[in-house]
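Engineer: I'd like to ask some things about the structure below.
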Amino acid sequence: MAVKDKKRVTSKNTVEDMTMTPNERILKNITELYTTGLNPGDGIKLGLKSICDDPLVNSPCHCPRKRISCMVIGNHSAGKSSFLNWYIGETVQSTGVAIETRGFSFLTSGRKRETLKGDATLHYFSHLEDIKQFGGIENNLFTEVSTSKEKNFSCTDFIDTPGLVDGDMNYPFDVASSIVWMADYVDLIIIFFDPIGQALCKRTVDVIRRLNDTGHAEKMQYYMSKADQVETELDRQRVLIQITQNLGAHIKNQHAFKLPTIFLPRPDGEDPPIPNAIQDVCQDIDQAIRLTVQKNLSTLKTDCERILTRIDQRVVEDVAARAKNNSRRFYGVMLTLLSWMVFLMLAVLSLCQVYDQPLAQRLVQKLTEVSPQLTLASEGVVKEMVAVLRFEDVTAFYYAAGALAAVYLVNWVAIRIVWTKLPTLVKKEKAKMEEYKKYVKGMSTVREQMYKDYFKQLQTED
């Protein structure tokens, strides 16, 4: 039964891979290398993340996501939700003149149509957990999971932000700050300007300024949406000039600033004869996907090299630790011998000092009764030692005994320090690290093949 299930899973994965675009397949494979590793079908799940987190390696890494994140910003009724519905090919977002989007809506690809709310959204996008720092935002997070395969939606997670309006409009959380915070986690920021009265609302301009000031200028692309609602070419040019002039003071990359006009293609195909750069938006998304593929491949290379370097470093550290332990063992033995010598000297001095005391004499009598010959033979030697080592001045004896006791105590502390062994790798750990090394080298080989696949699809596109 297990064999049949394994074949069924393998067959299912093969069909999915055949329907994927090359970029989607590469992004998926990179993520799997971090989570399940090589040949996950064999039942062994040893991903790069697990190796990095192993205390033996201890080289933290982050698992790259298999989709890019694209955040869409704009004033109220700028056509954000309408564009996303058009791109996905499915009506997943409400549209209309009323303010439909008051929170953040995440649009992602999945196997089943589903809607997730606050807590479920944060579990699904766990890397955004810290967004809860903006009070009131959790109840205004939503996720729409769609099965659509239109365009490059399977490689893209969209974030539809709240429509920005001026006046007395009160949001349940700090919209501007949360958008700026979210920008750190996205690969592309698309900004729509509505030409009908709301294009330059203060909130929109403030968000753009803050995004530019926080280093996100290179991610940002600007479009004037709903261009087909402007009646004449002269009016369109006036709106474009007005928007450009007002944004000029807030945009960092002015030399690369573009403001194409876009509108959604009409169902009947009767589009007005005005420039429509909506495909440029799609190309911006495609370009972000290609750059993410390159970035993830580069990250994979960096992480593999860092792990291999860390493993070699641990081996060198282990050799050094063993050498230090051998040195400490030698010094420990020497200090132990010195300690016993000091203790013996202290004992001899003390016995010599109390030799003529009644207690010492009774002890000698007892020894004589037990071993008369040995006691008589050594008595002369003992008396000579007493004559030489005994202090006539008791104070001098106390000083000598105290000095020896101090030396003994210092020596004992030194022994405790010297005998402290450095941790070393056991045989099993060495074998495990060697296995990691071979495994990571195998991942590097897979990475090279993914690069070839990436270049191959570029040549095919050309």
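Engineer: If I filter the stretch 102-131 down to residues being open to solvent by less than 30 Å² (accessible area, probe 1.4 Å) and in a strand (DSSP E or B), which single residue comes out as farthest from Trp181 (Cα to Cα)?
Structural biologist: Here is the first cut: in the stretch 102-131, the ones open to solvent by less than 30 Å² (accessible area, probe 1.4 Å) are 103-110, 118, 121-122, 125, 128, 131.
Filter again for in a strand (DSSP E or B), leaving 104-109.
On the way: Phe104: 13, Ser105: 15, Phe106: 15, Leu107: 19, Thr108: 20, Ser109: 23 Å.
If we take residues in the stretch 102-131 being open to solvent by less than 30 Å² (accessible area, probe 1.4 Å) and in a strand (DSSP E or B), then Ser109 is farthest from Trp181 (Cα to Cα).
Engineer: Here is a follow-up. Applying the selection to the stretch 170-189, what residues are in contact with an Asp or Glu (Cβ under 8 Å, 6 or more places away or on another chain) and over 16 Å from Arg209 (Cα atoms)?
Structural biologist: Correct list: Leu188 only.
Engineer: Going by what's in this entry, would Val92 be described as within 24 Å of the chain's Cα centre (by Cα), β-branched (Val, Ile, Thr) and closer than 27 Å to Asp286 by Cβ? Steps first, please.
Structural biologist: Details: within 24 Å of the chain's Cα centre (by Cα): no; β-branched (Val, Ile, Thr): yes; closer than 27 Å to Asp286 by Cβ: yes.
When the stated conditions are applied, Val92 does not pass them.
Engineer: Something else now. Given (1) in contact with a Pro (Cβ under 8 Å, 6 or more places away or on another chain); (2) under 27 Å from Leu458 (Cα atoms); (3) of a type outside the set (D, E, K, R); (4) at pLDDT below 85, where does Thr31 come up short, assuming only one miss?
Structural biologist: (4)
Engineer: Provide a single number: the residues in the stretch 158-178 that are among the aromatic types (Phe, Trp, Tyr) and surrounded by fewer than 23 Cβ atoms within 10 Å (Cβ to Cβ).
Structural biologist: Step one: list which residues in the stretch 158-178 are among the aromatic types (Phe, Trp, Tyr), which gives 158, 171, 173.
Cutting the leftovers down to surrounded by fewer than 23 Cβ atoms within 10 Å (Cβ to Cβ) gives us 171, 173.
Here the count works out to 2.
Engineer: Another question, then. Of everything in the stretch 408-438, what is open to solvent by 40 Å² or more (accessible area, probe 1.4 Å) and under 17 Å from Thr309 (Cα atoms)? Give them in sequence order.
Structural biologist: Looking only at the stretch 408-438, we keep the residues that are open to solvent by 40 Å² or more (accessible area, probe 1.4 Å), and these are 408-410, 412-413, 416-417, 419-424, 426-432, 434-435, 437-438.
Scanning the stretch 408-438 gives Glu429, Lys430, Ala431, Lys432, Glu434, Glu435, Lys437, Lys438.
Engineer: Taking the residues in the stretch 318-337 that are under 30 Å from Glu434 (Cα atoms) and among the aliphatic types (A, V, I, L, M) as candidates, determine which candidate is surrounded by the most Cβ atoms within 10 Å (Cβ to Cβ).
Structural biologist: At the first step, the residues of the stretch 318-337 found to be under 30 Å from Glu434 (Cα atoms) are 318-329.
So of that shortlist, the ones also among the aliphatic types (A, V, I, L, M) come out as 319-321, 323.
Values: Val319: 12, Ala320: 12, Ala321: 15, Ala323: 11.
Ranking the candidates gives Ala321 first.
Engineer: Taking the stated definitions as given, is Ala347 more than 25 Å from Trp412 (Cβ to Cβ), part of a helix (DSSP H, G or I) and at pLDDT 65 or above?
Structural biologist: On the way: more than 25 Å from Trp412 (Cβ to Cβ): no; part of a helix (DSSP H, G or I): yes; at pLDDT 65 or above: yes.
For Ala347, the condition - more than 25 Å from Trp412 (Cβ to Cβ), part of a helix (DSSP H, G or I) and at pLDDT 65 or above - is not met.
Engineer: What are the residues in the stretch 241-296 that are in a helix (DSSP H, G or I), open to solvent by 50 Å² or more (accessible area, probe 1.4 Å) and at pLDDT 90 or above, if any?
Structural biologist: Restricting attention to the stretch 241-296, the residues satisfying the condition of being in a helix (DSSP H, G or I) are 241-247, 254-256, 278-296.
Add one more test, that the residue is open to solvent by 50 Å² or more (accessible area, probe 1.4 Å), and what stays is 241-242, 244-246, 254-256, 279-280, 283, 287, 290-291, 294-295.
Scanning the stretch 241-296 gives Gln279, Asp280, Gln283, Gln287, Arg290, Leu291, Gln294, Lys295.
Engineer: So which pairs qualify, if the first residue must be in the stretch 245-266 and more than 22 Å from Phe83 (Cβ to Cβ) and of a type outside the set (Gly, Ala, Ser), the second must be at pLDDT below 75 and outside any loop (DSSP other than H, G, I, E, B), the Cβ gap must be under 8 Å, and the two must be at least 6 apart or on different chains?
Structural biologist: none
Engineer: With in contact with a Lys or Arg (Cβ under 8 Å, 6 or more places away or on another chain) and open to solvent by less than 20 Å² (accessible area, probe 1.4 Å) as the only criterion, which of Cys201, Cys155 stands out? Don't jump to the end; show me each part of the working.
Structural biologist: Numbers: Cys201 fails: in contact with a Lys or Arg (Cβ under 8 Å, 6 or more places away or on another chain).
Exactly one residue qualifies, and that residue is Cys155.
Engineer: Right, something else. Going by what's in this entry, would Met450 be described as touching a Cys at 6+ places or on another chain (Cβ under 8 Å) and either touching a residue at least 12 places away in the same chain (Cβ under 8 Å) or hydroxyl-bearing (Ser, Thr, Tyr) (or both)? Walk me through how you get there before you give the answer.
Structural biologist: Values: touching a Cys at 6+ places or on another chain (Cβ under 8 Å): no; either touching a residue at least 12 places away in the same chain (Cβ under 8 Å) or hydroxyl-bearing (Ser, Thr, Tyr) (or both): yes.
No.
The values are calculated or read from the model by the stated rules, or taken from the named source; none is laboratory data. What you see is a predicted model, and the numbers here were worked out from it, not measured in a lab. Note: ideal-geometry Cβ built from the backbone for every residue, glycine included; neighbour counts use all protein chains shown. In case anyone asks, the SASA skips ligands and DNA or RNA and just uses the protein heavy atoms, side chains included. Shrake-Rupley method; radii C 1.70, N 1.55, O 1.52, S 1.80 Å.
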